[in-house]
Amino acid sequence: MKILVTGGLGFIGSHTVVELQNKGFEVVIVDNLSNSSLDVIEGITAITGKKPLFENLDLRDKTRLRAFFEKHQNIIGVIHFAASKAVGESVGNPLLYYENNINALVYLLQELQKKEQAHFIFSSSCTVYGQAEKMPITEDAPVVKAMSPYGNTKQIGEEIIQDVAKVSNINSILLRYFNPIGAHPTAAIGELPLGVPQNLVPFITQTAIGLRQELSVFGNDYPTPDGTAIRDYIHVVDLAKAHVVALERLVHKQNAEKVEVFNLGTGTGSSVLEVIKAFEKVSNTQLPYKIVDRREGDVTQAYADTTKANKVLGWKTESSLEDALASAWKWEQKIRK
Ligand code: NAD
Ligand code: WQD
């Protein structure tokens, strides 16, 4: 069973390729290396004992994408990770985000529409909920106006898939990730942020290793128990496993609707200070940090109601916040050696 993983050399994609290969799927990765490196293939091979097929291809290249699908006619499912994902960059360069995240999706769906049937998993985000009124967040919480062009590409992406599924043989699962963190426990693959990390955990590990002087905690005046913002941090390996289960659901035609939506989180919210404390514990370090103003566009709290994913997919997270932070720390130490 051949599966196309777009963006399969990236953070979440690479961990998903590992889980797919562990389950016996044959994987072909398409990635343009815009935010990843070829070394990731070695990492995946070291963990699984199997080298995935790889094509260096930009999904916006419609002609080459068509040729790719002609060459790999036996692809039965697609997990689509490839996208640009930096929220701040998307505000400064919206057209880059609309072009990359939307065009690539449209061209992929055009190819899949030609098939007798297609199974399509889409990387969406909890960002579609904005500041949800009720915690934990269920899948039927309203999708609110996006705060950034990046967030908007996820909302538009979901709508495109809904529209296309109605008139085609494409069945799809939209996965709304909360905050993926961590690395493979072997430290053979992990997250490779370009430049100064925008996300909390890579900033923490880079500070602990001495690459950054101190962490800025964005705001301690939120209406939360300790005043810092709350998120749902999920171990990337748990997240990766959910993709395999979702794909199997489509392949075995167990889906109840043409397009299904699932939240992927742990169900538990952690504040920034709690994450710092947990990191200090697992790394046996003291993290230098200071409190600064809130970051524009940040929500107060977001954590998932995972009941639907737990019941319908039969999936649940296995790792704790500490496990995830320990794996991120092990990875940081390994790559700086
Ligand atoms: P990532 O940047 O590590 O991986 C994306 C991969 O896609 C990279 O390897 C990049 O080189 C590739 N890529 C980008 N544009 C491409 C194109 N036009 N053609 C071919 N390859 C291309 O990102 P990630 O953290 O692994 O995220 C994967 C997906 O999950 C993205 O769609 C992202 O928006 C979504 N997501 C991520 C998070 C998060 O916090 N990491 C949260 C919610 C949703
Ligand atoms: C987590 C918490 C920050 C950095 C972003 C995107 C979202 C999604 C995941 C893709 C917040 C605080 C952070 C720092 C800090 N991506 N923080 N100091 O903001 O929940 O979501 O990534 O879809 O779309 O917006 O994640 O890791 O940036 O921040 O205090 O240096 O850590 O304020 O409360 P976020 P994050």
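Numerical summary
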{"item": "Of LYS62/LYS145; LYS241/LYS311; LYS51/LYS241; LYS85/LYS115, pairs whose Cα-Cα distance is over 23 Å", "result": "LYS62/LYS145; LYS85/LYS115"}
{"item": "Residue (of PRO94, LEU9, ASN74) at the positive-pole extreme of the stretch 1-112, dipole from beta-carbon charges", "result": "ASN74"}
{"item": "Folded to 0 to 90 degrees: helix 272-283 orientation relative to the chain principal axis, Cα", "result": "90 degrees"}
{"item": "Within the stretch 67-128: Cβ-based charge dipole about Cα centre, in debye rounded to nearest 20 (Lys, Arg +1; Asp, Glu -1)", "result": "100 debye"}
{"item": "Ranked order, LEU9, LEU192, LEU273 - accessible area, probe 1.4 Å, largest first", "result": "LEU192, LEU273, LEU9"}
{"item": "Distance in nm between pseudo-label sites at GLU133 and ASN56 (7 Å out along the Cβ direction from Cα)", "result": "5.1 nm"}
{"item": "Farthest positive-ward along the chain dipole, Cα basis, beta-carbon charges - from PHE25, GLY195, TRP331", "result": "PHE25"}
{"item": "Whole-Hz couplings from phi, Karplus 6.51/-1.76/1.60, listed for the stretch 21-28; x for Gly and Pro", "result": "5, 4, 8, x, 6, 8, 10, 10"}
{"item": "Whole-Hz ³J(HN,Hα) from phi, Karplus 6.51 cos²θ - 1.76 cosθ + 1.60, for the stretch 152-166, glycine and proline x", "result": "5, 5, 6, 5, 5, x, 4, 5, 4, 5, 4, 5, 5, 4, 4"}
{"item": "Accessible area (Å², 1.4 Å probe, nearest 10) - MET135", "result": "50 Å²"}
{"item": "Highest-first arrangement of 278-291, 231-244, where packing means the average Cβ count within 10 Å", "result": "231-244, 278-291"}
{"item": "Where the chain is the region considered: accessible area per residue in Å², 1.4 Å probe", "result": "45 Å²"}
{"item": "Amide H partners (placed H, <5 Å) of ASP305, local residues excluded", "result": "ILE137, THR138"}
{"item": "J(HN,Hα) series, the stretch 107-121, from Karplus relation 6.51 cos²θ - 1.76 cosθ + 1.60, nearest Hz, glycine and proline x", "result": "5, 5, 5, 4, 5, 5, 4, 6, 7, 4, 8, 8, 10, 9, 10"}
{"item": "Rounded percent of accessible protein surface that carbon and sulfur make up, the stretch 193-337, 1.4 Å probe", "result": "47 percent"}
{"item": "Euclidean distance of C-alpha centroids, the stretch 143-190 and the stretch 296-337, integer Å", "result": "16 Å"}
{"item": "Spin-label pair ASN93/ASP163, simplified geometry with 7 Å Cα→Cβ offset, distance in nm", "result": "2.6 nm"}
{"item": "Estimated dipole of the chain in Debye, rounded to 20 [Cβ of Lys and Arg +1, of Asp and Glu -1, Cα centre]", "result": "620 debye"}
{"item": "Between helix 39-48 and the chain: long-axis angle, C-alpha atoms, 0 to 90°, nearest 10", "result": "80 degrees"}
{"item": "Fraction of accessible area attributable to carbon and sulfur, the stretch 90-161 (%, probe 1.4 Å)", "result": "53 percent"}
{"item": "Paramagnetic reach from ARG64 (point 7 Å along Cα→Cβ, amide N under 16 Å) across the stretch 10-32", "result": "29-32"}
{"item": "Förster-model FRET efficiency, 41 Å R0, ILE156 and ASN284, C-beta, rounded to 0.05", "result": "0.35"}
{"item": "Backbone N under 12 Å from the GLU322 label point (7 Å along Cα→Cβ), restricted to the stretch 257-295", "result": "278-284"}
{"item": "Within the chain, percent of DSSP bridges classed antiparallel, to nearest 5", "result": "5 percent"}
{"item": "Neighbour net charge for GLY8 - beta-carbon separation under 12 angstrom, K R +1, D E -1", "result": "-3"}
{"item": "Area of ARG64 that stays accessible when all protein chains are in place (1.4 Å probe, Å², to 10)", "result": "110 Å²"}
{"item": "Assigned charges on the beta-carbon of Lys, Arg, Asp, Glu; the stretch 213-337 dipole about Cα centre (debye)", "result": "500 debye"}
{"item": "Using alpha-carbon coordinates, inclination of helix 321-336 to the longest axis of the chain, degrees", "result": "80 degrees"}
{"item": "Under 5 Å, built H, 5+ apart or other chain: amide partners of VAL259", "result": "SER172"}
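The values are calculated or read from the model by the stated rules, or taken from the named source; none is laboratory data. What you are looking at is a predicted structure, and each value in this text was computed from that prediction instead of being measured. Backbone-built Cβ (ideal geometry, glycine too); neighbour counts: all protein chains shown. To get the accessible areas, we keep the full protein, side chains included, count just its heavy atoms, and leave off ligands, DNA and RNA. Shrake-Rupley method; radii C 1.70, N 1.55, O 1.52, S 1.80 Å.
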